[in-house]
Amino acid sequence: MLRFILSKLLYLIPTFLGITMIAFGFVRVLPGDPVLLMAGERGITPERHAELSHQLGFDRPIWEQYLDFLGRLLQGDLGNSLVTKKPVLTEFLALFPATIELGLVAIVIATMVGIPVGVIAAIKRGSWFDQVSMTAALVGFSMPIFWWGLLLIILFSGILQWTPVSGRISLLYYFPQVTGFMLIDSLLSGQKGAFLSALSHLILPSVVLATIPLAVIARQTRSAMLEVMGEDYVRTARAKGLPSSRVVGVHALRNAMIPVVTTIGLQIGVLMAGAILTETIFSWPGIGKWMIDSISRRDYPVVQSGLLLIAGVVMLVNLAVDLTYGLINPRIRHK
Amino acid sequence: MTDATVKLSDAQIRRRMLADFWYDFRRNKGAVAGLIVFAILVLVAIFAPLVAPHSPTLQYRDALLVPPVWSEGGQSAYLLGTDAVGRDIFSRLVFGARYSLFIGVVVVMIALTGGIILGLVAGYFGGWVDTIIMRVMDIVLAFPSLLLALVLVAILGPGLTNAMIAIAIVYQPHFARLTRAAVMGEKQREYVTAARLAGAGNLRLMVRTILPNCLAPLIVQATLSFSSAVLDAAALGFLGMGAQPPAPEWGTMLAEAREFILRAWWVVTFPGLAILISVLAINLMGDGLRDALDPKLKRS
């Protein structure tokens, strides 16, 4: 197992280097002079321009600049935002919990609903449940989630007035951030109603974000179950006289879960992309909205490092999925 | 003489395969429904000037935010109502179909061509060529697709052309991977060795001998990418990075409609519905194609 983990880690190094090259190259290929950009609209004298260029290392060979970039990266220095002047890493760490909270709740919803729906649809293949749920899954899979979010806002915030339109919690509540997760922090604060307020803010965005993964997981679970149910060992289990619940729950489901776990892992990238749209619609103060705002404000250090950090996170999650895969399926590990 | 016989049977085989495919495809009711909706969409896009009652960009200043014809205050001139500057929503949706289909076709063409070339080269030659190409593809895949597309558009500048290029770049690795895997599987087969012994060069082997046998998964992926491209382009438009106003692109229309969501439901509802229906139709077709083209599923 250790060798398996190490080989996977080694495999990641060239990919990560490639990601740093893209993030580094990103700012270089942008039209315009980064120094002029930093100087802003007031302009800059040629002397000051040369001085700043030298200070920032723009007058050195490109590979030297790249090595310098890598060196600073290894020390955890990701540069400062042009707008807020704060270190990018600090901003990222402050906003990241909001995105994790949203993403986690979404993936929990998607898994908790998607897997049972897929299993039932497979067992009752051809029934009305199968047909309705799979049609719904296909609609969910085709959903433009930014529109879906707007529709839910019209219904639940506009007409029914059940949920707030934006943000993470009502302004009435204030408490220190302990974990960064609003659901947990609001409970820890002990303030009455705080948790419910946080929950009501979270529910719509997480449902929107969960929509596509939920559809994918339900479809994948169904087809994996159908495939497994036709296997010899399932027939053997039935022939042994095991109750149907045990055949489905233990013999079939455990084997059907192998492709499903991969699917769930692959949804992390989908979730990050979805977070950009969902956070924009619901003004959720997370990484996705931060990136969009930075792109439109042309805050390039943030875009550069944000890209790097997000790709890094996705890469690590994929690694974790690979390892889980190895855990539940020994055949992969010993290949 | 013998040459002619071979050619004739080739055509027959092809016709037979097509009939087989159509038989399998037709059994899937959803796929046929998807095909019909898609065909209507194509016709609407082609004949947009004839279908649309108004110009998509003409502003009727005396008819701002008119609701759809069936609700209170609706006017028969504006079937689905008008937007905040008095443009007919139905006409804009009709012309918007052109954008979506055009985006889908262009993105898939670019991604497919690039992906096939890279995948063929990687799979056929193997070794360090393969390693380098697939590593670069891995790197592209490490970024969430929409994020990478957004950043690419930020570099290239917002607009429809750049949005399409960005989305195509992001999709390309999927085609490259699929092609490579299929090529690696086919490369070892006897017919390839036979063609090589008969004196076929690398290029001929790659393009004429191997590629036609790798097309099935690529066709399925192309349909799926088509629908994703429509979705992603709309998302970029929604975020202000795709087609620019006053273009009647569906995502851009939604972006303009956002501030009216609580006042005028129709300006938000219809463009999104148009996106959903088109994407759903293409996905239904894709499902049908996959079932008809995948021999593994056919047997079960």
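The values are calculated or read from the model by the stated rules, or taken from the named source; none is laboratory data. Since the structure is predicted, the reported quantities are computational estimates derived from the model, not experimental observations. Every residue, glycine as well, gets a Cβ built from its backbone with ideal geometry; the counts of neighbours run over all protein chains shown.
Here are a few things to note about the model shown:
- Of all residues making up segment A:279-301, the number that are small (G, A, S) and either modelled with pLDDT of 90 or more or within 13 Å of the chain's Cα centre (by Cα) (or both): 2
- None of A:T84, A:T163 is within 14 Å of another protein chain (Cβ to nearest Cβ) and either over 29 Å from A:A215 (Cβ atoms) or in contact with a His (Cβ under 8 Å, 6 or more places away or on another chain) (or both) except A:T163.
- Contact map, segment A:275-289: residues that are in a loop (DSSP other than H, G, I, E, B) paired with residues that are surrounded by fewer than 24 Cβ atoms within 10 Å (Cβ to Cβ) and of a type in the set (S, T, N, Q), Cβ distance under 6 Å, separation 6+ or inter-chain. Pairs shown: A:F282/A:S166; A:S283/A:S166.
- Segment A:154-177, residues that are of a type in the set (A, V, I, L, M) and over 19 Å from A:G103 (Cα atoms): A:I154, A:L155, A:I159, A:L160, A:L171, A:L172
- Enumeration of residues in segment B:251-263 that are assigned to a loop (DSSP other than H, G, I, E, B) and either of a type in the set (V, I, T) or more than 10 Å from chain A (Cβ to nearest Cβ) (or both): B:I261
- Flag if B:R98 is out of contact with any His (no Cβ under 8 Å at 6 or more places or on another chain), touching a residue at least 40 places away in the same chain (Cβ under 8 Å), among the charged types (D, E, K, R) and closer than 17 Å to B:D232 by Cα: yes
- Sole exception among (1) touching a Ser or Thr at 6+ places or on another chain (Cβ under 7 Å); (2) more than 10 Å from chain A (Cβ to nearest Cβ) for B:A229, by number: (1)
- Of the residues B:V151, B:V140, the single one that is touching a Pro at 6+ places or on another chain (Cβ under 6 Å) and either at positive phi or within 14 Å of chain A (Cβ to nearest Cβ) (or both) is B:V140.
- Residue within segment A:79-90 that is surrounded by 14 or more Cβ atoms within 10 Å (Cβ to Cβ), at pLDDT 85 or above, part of a helix (DSSP H, G or I) and of a type outside the set (V, I, T) present: yes
- Checked against (1) at pLDDT below 85; (2) surrounded by 21 or more Cβ atoms within 10 Å (Cβ to Cβ); (3) of a type outside the set (S, T, N, Q), B:G288 passes all but condition (1).
- Count of residues meeting criterion [touching a strand residue (DSSP E or B) at 6+ places or on another chain (Cβ under 8 Å) and part of a helix (DSSP H, G or I)] in segment B:79-134: 1
- Some residue of segment B:210-226 being assigned to a helix (DSSP H, G or I), touching a Phe, Trp or Tyr at 6+ places or on another chain (Cβ under 7 Å) and within 9 Å of chain A (Cβ to nearest Cβ): no
- Of all the listed residues (A:F156, A:F175), the sole one being free of Cβ contacts under 8 Å to residues at least 24 places away in the same chain and either within 14 Å of chain B (Cβ to nearest Cβ) or over 18 Å from A:L271 (Cα atoms) (or both) is A:F175.
- Segments classed as helices (runs of 4 or more DSSP H), wholly inside segment A:144-241, with at least 2 members that are out of contact with any helix residue (DSSP H, G or I) (no Cβ under 6 Å at 6 or more places or on another chain) and either modelled with pLDDT under 90 or buried (at least 22 other Cβ atoms within 10 Å of the Cβ) (or both): A:182-189, A:194-229, A:232-239
- Taken together, the residues in segment B:119-170 that are among the β-branched types (V, I, T) and at pLDDT below 85 amount to 1.
- Some residue of segment A:262-269 being without any contact (Cβ under 8 Å) to a residue 40 or more places away in the chain and under 22 Å from the mean Cα position of the chain (by Cα): no
- Being buried (at least 21 other Cβ atoms within 10 Å of the Cβ), polar (S, T, N, Q) and touching a Gly at 6+ places or on another chain (Cβ under 7 Å) is true of A:S294.
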